[in-house]
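S.K.: I'd like to ask you about the structure that follows.
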Amino acid sequence: MTADGYPSDWRQRRQRVLKRDHYRCRNCRRYRCDLEVHHVVPKANGGSHREHNLVTLCDRCHSDVPRPSAEATNNQDDGDTQDRTIFEQIESARERKAKANALQRFWWWLFGMDLDDPAPAGDD
């Protein structure tokens, strides 16, 4: 293990995972973008650096993965179940963001505010 907690062969493992996933995000299938190798079961929850616990995500999907809480427990399900759970969490986070954006647009419309101009209309 290196000082940052990764195995000495991390670069090789990362490359094998990227190759296994065909250099595509396993969630949105994007490619030709910045890719991350994500731990399905987080290291903080006892997840390993083994390839079955690693998945390729684009930077956008990786940023949408909810970070583990202190109460989170180590899930020992098979890899497919863990993958679905992560992908469902990403989709849920995106749906919450979309709803919040839609609600914000509605309020701006309701009060006569132009989205490009944060000042309310008619307040001269």
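The values are calculated or read from the model by the stated rules, or taken from the named source; none is laboratory data. Keep in mind that what you see is a predicted model, and the values were worked out from it rather than measured. All Cβ positions, even for glycine, are placed from backbone atoms using ideal geometry, and neighbour counts span all protein chains on display.
S.K.: Can you say whether LEU115 is surrounded by 11 or more Cβ atoms within 10 Å (Cβ to Cβ), touching a Lys or Arg at 6+ places or on another chain (Cβ under 8 Å) and either modelled with pLDDT under 50 or among the aliphatic types (A, V, I, L, M) (or both), as far as the supplied structure shows?
M.R.: When the stated conditions are applied, LEU115 does not pass them.
S.K.: So ARG11 fits all but one of (1) surrounded by 13 or more Cβ atoms within 10 Å (Cβ to Cβ); (2) outside any loop (DSSP other than H, G, I, E, B); (3) of a type outside the set (S, T, N, Q); (4) more than 20 Å from the chain's Cα centre (by Cα); what number is the exception?
M.R.: Checking ARG11 against (1) surrounded by 13 or more Cβ atoms within 10 Å (Cβ to Cβ); (2) outside any loop (DSSP other than H, G, I, E, B); (3) of a type outside the set (S, T, N, Q); (4) more than 20 Å from the chain's Cα centre (by Cα), the one that fails is (1).
S.K.: Any chance you could count how many residues in the stretch 1-38 are under 18 Å from VAL65 (Cα atoms) and touching a His at 6+ places or on another chain (Cβ under 7 Å)?
M.R.: Of the residues in the stretch 1-38, 2 are under 18 Å from VAL65 (Cα atoms) and touching a His at 6+ places or on another chain (Cβ under 7 Å).
S.K.: Any idea which residue in the stretch 14-30 is nearest to the chain's Cα centre (by Cα), counting only those that are charged (D, E, K, R) and under 17 Å from GLN89 (Cα atoms)? It would help to see each step written out before you state the result.
M.R.: If we filter the stretch 14-30 for residues that are charged (D, E, K, R), which is where we start, we get 14, 16, 19-21, 24, 26, 29-30.
Remaining after also requiring under 17 Å from GLN89 (Cα atoms): 26, 29.
Working: ARG26: 11, ARG29: 13 Å.
Across the stretch 14-30, the extreme among qualifying residues is ARG26.
S.K.: Considering the stretch 31-66 alone, what residues qualify as being within 9 Å of the chain's Cα centre (by Cα) and at pLDDT below 85?
M.R.: Residues satisfying the conditions are VAL65, PRO66.
S.K.: Right, another one. Among the residues in the stretch 23-32, are any part of a loop (DSSP other than H, G, I, E, B), in contact (Cβ under 8 Å) with a residue 12 or more places away in the chain and touching a Pro at 6+ places or on another chain (Cβ under 9 Å)?
M.R.: No, every residue in the stretch 23-32 fails to be part of a loop (DSSP other than H, G, I, E, B), in contact (Cβ under 8 Å) with a residue 12 or more places away in the chain and touching a Pro at 6+ places or on another chain (Cβ under 9 Å).
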